[in-house]
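Below: one structure, written as structure tokens.
The values are calculated or read from the model by the stated rules, or taken from the named source; none is laboratory data. Source: prediction; values computed, not measured. Heads up, the Cβs are rebuilt from the backbone with ideal geometry, glycines too, and the neighbour counts pull from every protein chain shown.
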Amino acid sequence: MLRRILVPLGLISILAAALAWQLAGTVRAEMPRPPVVDKASGLAVSGRYELREGQRVLTLWGTPRERGFAHGYLLAESIVRGLEHDFERVLKPLIPTYESIVRRGVVPKFAFEPRELEELEGLYEGLKARLPPEQRVVKGLGREFDLIDIKALNTFGDWYGLGCSSLAVWGDRTQDGAPLVGRNFDFPGFFLLIEHQYVVVRAPDGEAQGQVGVAYPGSIGVMTGMNEAGVFLAVHDVRIKPTLDKAMRPNVPRLLAARRILERTSGSEACDQALALARHWPTLYGNNFMVVAPAASKTAPHAAVLEYDCRSDMEGGCTLRRIDAEGDQPDTASAMCLTCTNHHRCRVEPDGYKEQHPRWRFPLLSDVGAAEVPDGRFDVMGLFAHINSVSFPREGVQRLATAIRGEKRAHGTLHQVVGEPAVGRLHIRLGQVGRHIRDMAPRRYAVGPLVRQARAR
């Protein structure tokens, strides 16, 4: 029974991603400059969506509802028309499953915090303020796009595996001893992610720290990001499936768990803080969260991986891994690198576990001594070059372009990020059809200044 339910849900992840598909010709039209006031509601749009050096950047400030309203208002047409496009061209056979299982049975079980619900409601209000009723109708569904669809969009990462890999280095492995972390985000080449993922800048909200990360339209979570304190986090998938009872409990969407960790951690204890938080949030499938702190202590090196899955009876559902060697104990005095791909190394694999992603990337990434960097010490571009060794091959670019036309599915490295936690900087490459990710120049983002500018608005 569980297999029959979860297999279609895996397919529905494609549907969830398609909710935010954006039409190529609409971007500039969807980037009004603030201050913008919606005439019908009288609400100001507390956000800005713009092109900066070839990358799209969404900046949000204000209350959760105001941020959501800005998000929905600025991206309304792309979300709805994109959903309509993919239902008609790719996902039409899945409409009955989406309506009967995802909307009615699964999405309502997910646990959102009150402020997250407020932001999602604001997002839907913004979408409605921007589009008249007739333009909110999705032909394939025969109805208007609604708040439950928005929630479904925010759980797509829980239905579809995120590939991905990352590597953190510090001490004698970097030129100045400060930590560096590199990350590949590997995913099927949906138009949403290969062309229209964007950088999001979130102003602080009360005790929640501001952050900069990579996200997709309609989602209030984060795939890769750094907070104003310099804590870095990246999400990876592990193929650990839940039992039916765990699938029906109030799980936390993984991309929102990632955002919450960035909102609430800081300093050398960030990894331990993240572990304590994750143990309060049940998750649906398996995850590896790479967390890198801006500082270290004698007992807490810079980086750790949260091996985080649905088995809450095992160490509260989350185990902290600080080292690469399987079965070893951490040596905090000598550990200077940490690798993360798509399998747990500390948590025991359950009976019947089937590896989805090959493990060849792990030893290749971990072999930092083989990297062609001066004196064996990494800088930003040296780490980009090293993580390129496990990015998808160049011939994958054309396959991605074909996939976007709805003819077939293909995976690729859709964004790359190198973070400098000690100085609060992100260097981001966002994928484009027809260009390999490694050929694109990264854009640098100073997290603290961007967050402060957003807060001051």
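Might you let me know whether region 269-276 holds any residue that is within 21 Å of GLY163 (Cα to Cα) and touching a strand residue (DSSP E or B) at 6+ places or on another chain (Cβ under 9 Å)?
Applying the first criterion (within 21 Å of GLY163 (Cα to Cα)) to region 269-276 yields none.
No, region 269-276 contains no residue that is within 21 Å of GLY163 (Cα to Cα) and touching a strand residue (DSSP E or B) at 6+ places or on another chain (Cβ under 9 Å).
The set of residues in region 341-373 that are touching a residue at least 60 places away in the same chain (Cβ under 8 Å) and over 25 Å from the mean Cα position of the chain (by Cα) comprises PRO350, VAL368.
Only one entry in GLU77, GLU134, GLU144 is without any contact (Cβ under 8 Å) to a residue 24 or more places away in the chain, of a type in the set (D, E, K, R) and in contact with a helix residue (DSSP H, G or I) (Cβ under 8 Å, 6 or more places away or on another chain), namely GLU144.
One residue stands out among those in region 326-345 that are in contact with a helix residue (DSSP H, G or I) (Cβ under 9 Å, 6 or more places away or on another chain) and either assigned to a loop (DSSP other than H, G, I, E, B) or at pLDDT below 85 (or both): the one that is farthest from GLY286 (Cα to Cα), which is SER334.
Tell me yes or no: at least one residue of region 188-199 is over 12 Å from the mean Cα position of the chain (by Cα), of a type in the set (Phe, Trp, Tyr), within 30 Å of ARG81 (Cβ to Cβ) and outside any strand (DSSP E or B).
Filtering region 188-199 for residues over 12 Å from the mean Cα position of the chain (by Cα) gives 188-192, 194-196.
Add one more test, that the residue is of a type in the set (Phe, Trp, Tyr), and what stays is 190-191.
Next, from what is left, pick out any that are within 30 Å of ARG81 (Cβ to Cβ): 190-191.
After this cut, where a residue has to be outside any strand (DSSP E or B) as well, the list is 190-191.
Scanning region 188-199, I find at least one residue that is over 12 Å from the mean Cα position of the chain (by Cα), of a type in the set (Phe, Trp, Tyr), within 30 Å of ARG81 (Cβ to Cβ) and outside any strand (DSSP E or B), so the answer is yes.
Candidates ASP186, ASP172: the one that is surrounded by fewer than 16 Cβ atoms within 10 Å (Cβ to Cβ) and either in the same structural domain as GLY230 (by TED's automatic domain parsing) or among the β-branched types (Val, Ile, Thr) (or both) is ASP172. In region 283-323, which residue that is among the aromatic types (Phe, Trp, Tyr) and assigned to a strand (DSSP E or B) is nearest to ARG425 (Cα to Cα)? Among residues in region 283-323 that are among the aromatic types (Phe, Trp, Tyr) and assigned to a strand (DSSP E or B), the one nearest to ARG425 (Cα to Cα) is PHE289.
Listed here are the residues, each with its yes/no results for (1) part of a loop (DSSP other than H, G, I, E, B); (2) small (Gly, Ala, Ser); (3) at positive phi.
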residue: PRO217; (1), (2), (3): yes, no, no
residue: VAL222; (1), (2), (3): yes, no, no
residue: ALA229; (1), (2), (3): yes, yes, no
residue: LEU233; (1), (2), (3): no, no, no
residue: ASP237; (1), (2), (3): no, no, no
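Total residues in region 60-86 satisfying the condition of being among the hydrophobic types (A, V, I, L, M, F, W, C) and either not in a helix (DSSP H, G or I) or not assigned by TED's automatic domain parsing to the domain that holds LYS139 (or both): the figure is 2. Scanning region 25-65 for residues that are at pLDDT 70 or above and within 27 Å of ARG429 (Cβ to Cβ) yields a count of 15. Can you spot a residue in region 245-259 that is modelled with pLDDT under 95, closer than 23 Å to ARG173 by Cβ and not in a strand (DSSP E or B)? Checked region 245-259: no residue is modelled with pLDDT under 95, closer than 23 Å to ARG173 by Cβ and not in a strand (DSSP E or B).
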